[in-house]
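Asker: Take a look at the following structure, please.
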Amino acid sequence: MQNLFVDTRKLDEAVRASYGLTEEIMMENAAVALSRAVREFDDWKQRKKRVLILCGGGNNGADGYALARHIRIDFDVVIFQCVPPKSHLCITQCSRAEKCGSRIFDIEDFRLEFLEDAGIVVDCIFGSGFHGNLDKNIQCLLNDVNDVDTYRIACDVPSGLRSDGTVADGCYKAHKTVTMGALKLSMFSDEAKDLVGEIFCANLGVERRLFENSTNGNLKVGYLLDKTDMILPFRKRNCVNKGSFGHVAVAFGEKSGAALIAGSAALRFGAGLVTLVDLTEEKPDFSRVPPELICATSFPKNVTAVAFGMGLGRTDHQIEPYFKYLQENPEVACVIDADVCYSPLLPEFLQKRQKRVVLTPHPKEFAALLKNCGFGEFTTSECIEKKTELIEKFCRKYPKCVLLVKGANTMIGYYNNAGYGRYDFYVNPFGGPALAKAGSGDVLSGLICALLAQDYSAIDAAVSASIAHALAGISTGNNYAMTPLDLIQRLTELKAE
């Protein structure tokens with residue numbers, strides 16, 4: 001896992017105070033990291049060797065002027081002042097770049113011809129503290145840059161990406177972001193995923209762990225998950241049977257395909273038995289159920305985890321029997337998804353039963369869940385833009401429930417009210433557009449339920465299953481043809497990192 005921060009400016013100050021570094025030394029290290037990104041672009045020899053640097057008026061702009069000095073001999077450097085130099089270091093670095101022979105133009109002088117001769121563009125206009133909106137002239141410039149076939153690098157964060165992760169009109173679209181010192185949470189919002197490109201975290205004169213711990217870690221707000229955080233359910237003993245690996249029950253409802261997908265995913269991910277359960281009075285149609293899945297009209301005695309909500313239906317008649325069973329069997333873990341997020345019975349259940357519960361809504365279901373649980377009305381767009389904030393609010397109201405909200409970057413919150421009452425927040429960055437297809441979420445519910453059945457904690461099940469789900473989704477040759485059954489099959493290819 002890697003640490004995530006909202007604002008690293010206090011870390012900058014602490015590093016200077018703790019290790020005797022100056023702002024200028026840290027800036028030179030930033031320029032070196034940007035220079036390396038320019039030189040490492042493997043296609044630059046086949047392109048024209050002009051580097052266009054877009055500079056703001058603060059220290060982000062100063063990084064750009066310093067970069068110009070570092071690469072001036074090997075590249076034709078052209079600088080555009082998108083904002084006149086204002087900070088002391090920006091003024092100083094601008095003067096140095098000019099003395100090295102870099103050509104400096106005002107934004108009003110920008111012409112498309114400059115882009116046609118450029119192989120690389122480096123955005124150094126605004127850093128991670130940006131908020132508000134971009135000036136119209138800057139918007140026009142960035143729109144032109146985004147539309148041209150050139151390699152785009154961002155310094156710290158793409159200009160126009162606000163500190164809360166929302167995006168201003170005209171935001172720069174980077175192929176690579178060289179972020180300074182530590183990772184910023186804003187770069188991992190859903191909206192940011194198409195803007196930041198590959199992310200590289202640059203050292204600013206001290207090793208990254210020293211930088212992040214300069215304030216004793218008290219500014220950290222969450223964790224970025226790595227592939228190594230996935231714990232696959234490999235079987236370590238030989239003297240076992242199917243009962244050794246738990247029994248999953250999946251609610252079988254009006255859209256039965258969802259339960260079939262979830263059940264198949266659970267069985268593929270290590271559960272010893274999977275039973276599809278229909279508790280309604282009508283006689284269920286189990287004719288399409290594959291032979292490896294068990295069918296029943298009541299819960300088997302040895303169930304260890306339940307997944308329900310996927311295609312179940314939204315009436316109390318369809319949902320209430322599952323709540324009743326789980327309240328009577330508090331040792332049985334559960335995954336709550338889809339239709340149950342809309343149920344007025346859910347808040348009372350969550351208040352009474354806050355042990356080994358994982359909720360897995362997508363943004364639209366998250367909006368319904370929030371309204372249902374008394375947080376107010378939010379649009380789907382607001383649930384995406386304010387996802388980190390809303391997840392924390394929900395988890396604080398329902399401690400020990402794990403909330404996983406799906407999206408371009410899946411986010412997981414968990415408030416552990418034992419001991420020090422720590423709130424843990426995780427971002428899974430591995431998801432891709434191949435997962436944007438009906439049934440993918442049902443696969444995820446089945447994976448989480450399988451791990452719960454195998455005695456994973458709720459948070460470990462959510463983390464490991466979400467990584468496995470995402471990695472299986474990017475293991476294909478294209479990103480449009482994968483079906484849920486393809487996704488389930490690719491679980492067999494996963495290996496521990």
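Asker: With the structure loaded, tell me whether GLY222 is closer than 30 Å to VAL15 by Cα, touching a strand residue (DSSP E or B) at 6+ places or on another chain (Cβ under 8 Å) and in contact (Cβ under 8 Å) with a residue 24 or more places away in the chain or whether it fails that test. Even if it seems obvious, please write down each step before you answer.
Answerer: Details: closer than 30 Å to VAL15 by Cα: yes; touching a strand residue (DSSP E or B) at 6+ places or on another chain (Cβ under 8 Å): yes; in contact (Cβ under 8 Å) with a residue 24 or more places away in the chain: yes.
Yes, satisfied.
Asker: Enumerate the pairs (first residue in the range 361-374 and free of Cβ contacts under 8 Å to residues at least 12 places away in the same chain and more than 16 Å from ILE448 (Cβ to Cβ); second residue anywhere and open to solvent by 20 Å² or more (accessible area, probe 1.4 Å) and in a loop (DSSP other than H, G, I, E, B)) with beta-carbon separation below 7 Å, excluding pairs fewer than 6 apart on the same chain, so at least 6 apart or on different chains.
Answerer: LYS371/GLU377
Asker: Within the set of pairs 6 or more residues apart or between chains, which connect a residue that is of a type in the set (Phe, Trp, Tyr) inside the range 464-488 to a residue that is open to solvent by 40 Å² or more (accessible area, probe 1.4 Å) with Cβ atoms less than 8 Å apart?
Answerer: TYR480/PRO433
Asker: If you don't mind, there's one more thing I want to ask. Within the range 97-135, how many residues turn out to be in contact with a Phe, Trp or Tyr (Cβ under 7 Å, 6 or more places away or on another chain), open to solvent by 10 Å² or more (accessible area, probe 1.4 Å) and closer than 23 Å to ALA31 by Cα?
Answerer: If we filter the range 97-135 for residues that are in contact with a Phe, Trp or Tyr (Cβ under 7 Å, 6 or more places away or on another chain), which is where we start, we get 97, 105, 107, 110, 119-120, 123.
Now drop any that are not open to solvent by 10 Å² or more (accessible area, probe 1.4 Å), which leaves 105, 107, 110.
With the extra rule that they be closer than 23 Å to ALA31 by Cα, the set shrinks to 105, 107.
Going through the range 97-135 one residue at a time, the tally reaches 2.
Asker: If you don't mind, another one. Do we find that LEU204 is open to solvent by less than 20 Å² (accessible area, probe 1.4 Å), part of a loop (DSSP other than H, G, I, E, B) and farther than 15 Å from VAL157 by Cα in this structure? First the steps, then the outcome.
Answerer: Numbers: open to solvent by less than 20 Å² (accessible area, probe 1.4 Å): yes; part of a loop (DSSP other than H, G, I, E, B): yes; farther than 15 Å from VAL157 by Cα: yes.
Yes; evaluated as a whole, the condition is true for this residue.
Asker: Which of the numbered conditions does LYS49 fail, given that it passes all the others? Conditions: (1) in contact (Cβ under 8 Å) with a residue 40 or more places away in the chain; (2) farther than 18 Å from CYS201 by Cβ; (3) surrounded by 16 or more Cβ atoms within 10 Å (Cβ to Cβ).
Answerer: (3)
Asker: Please enumerate the residues belonging to the range 326-354 that are open to solvent by 30 Å² or more (accessible area, probe 1.4 Å) and out of contact with any helix residue (DSSP H, G or I) (no Cβ under 8 Å at 6 or more places or on another chain). If you could, list the steps in order and put the result at the bottom.
Answerer: At the first step, the residues of the range 326-354 found to be open to solvent by 30 Å² or more (accessible area, probe 1.4 Å) are 327-331, 342, 344-345, 348, 351-352, 354.
Correct list: GLU328, ASN329, PRO330, GLU331, GLU348, GLN351, GLN354.
Asker: Right, something else. Has the range 244-265 got at least one residue that is touching a residue at least 40 places away in the same chain (Cβ under 8 Å), open to solvent by 40 Å² or more (accessible area, probe 1.4 Å) and not charged (D, E, K, R)? Give the derivation first.
Answerer: Just the residues of the range 244-265 that are touching a residue at least 40 places away in the same chain (Cβ under 8 Å), to begin with: 245-259, 261-265.
Narrowing further to those that are open to solvent by 40 Å² or more (accessible area, probe 1.4 Å): 254-255.
So of that shortlist, the ones also not charged (D, E, K, R) come out as none.
No: zero hits.
Asker: Moving on to the next point. Search the range 14-31 for residues being among the polar types (S, T, N, Q) and assigned to a helix (DSSP H, G or I), and hand back the single one that is modelled with the lowest pLDDT. Give the derivation first.
Answerer: Here is the first cut: in the range 14-31, the ones among the polar types (S, T, N, Q) are 18, 22, 29.
Then keep just the ones that are assigned to a helix (DSSP H, G or I); that gives 18, 29.
Details: SER18: 90, ASN29: 95.
The qualifying residue modelled with the lowest pLDDT is SER18.
Asker: Just checking, which of LEU115, LEU89 is modelled with pLDDT under 90, in a helix (DSSP H, G or I) and touching a helix residue (DSSP H, G or I) at 6+ places or on another chain (Cβ under 9 Å)? Before you say what the answer is, go through the steps one by one.
Answerer: Values: LEU89 fails: modelled with pLDDT under 90.
That would be LEU115, the only listed residue that is modelled with pLDDT under 90, in a helix (DSSP H, G or I) and touching a helix residue (DSSP H, G or I) at 6+ places or on another chain (Cβ under 9 Å).
Asker: Ok, one more. Of all residues in the range 321-372, how many are part of a helix (DSSP H, G or I) and among the acidic types (Asp, Glu)?
Answerer: Matching residues across the range 321-372 total 4.
Asker: Only one residue in SER457, SER445 is of a type in the set (Ser, Thr, Tyr), buried (at least 20 other Cβ atoms within 10 Å of the Cβ) and closer than 21 Å to ALA262 by Cα. Which one?
Answerer: Values: SER457 fails: buried (at least 20 other Cβ atoms within 10 Å of the Cβ).
Going through SER457, SER445 in turn, the sole match is SER445.
Asker: Further question: Does GLY181 meet the test of being open to solvent by 30 Å² or more (accessible area, probe 1.4 Å) and touching a residue at least 24 places away in the same chain (Cβ under 8 Å)? It would help to see each step written out before you state the result.
Answerer: Values: open to solvent by 30 Å² or more (accessible area, probe 1.4 Å): no; touching a residue at least 24 places away in the same chain (Cβ under 8 Å): yes.
Criteria not met by GLY181.
The values are calculated or read from the model by the stated rules, or taken from the named source; none is laboratory data. Everything numeric here is computed off the predicted structure, so don't read it as measured data. As a convention, Cβ positions derive from the backbone with ideal geometry for all residues, glycine included, and neighbour counts pool all protein chains shown. The area values use the complete protein model at the heavy-atom level, side chains included, leaving out ligands, DNA and RNA. Shrake-Rupley method; radii C 1.70, N 1.55, O 1.52, S 1.80 Å.
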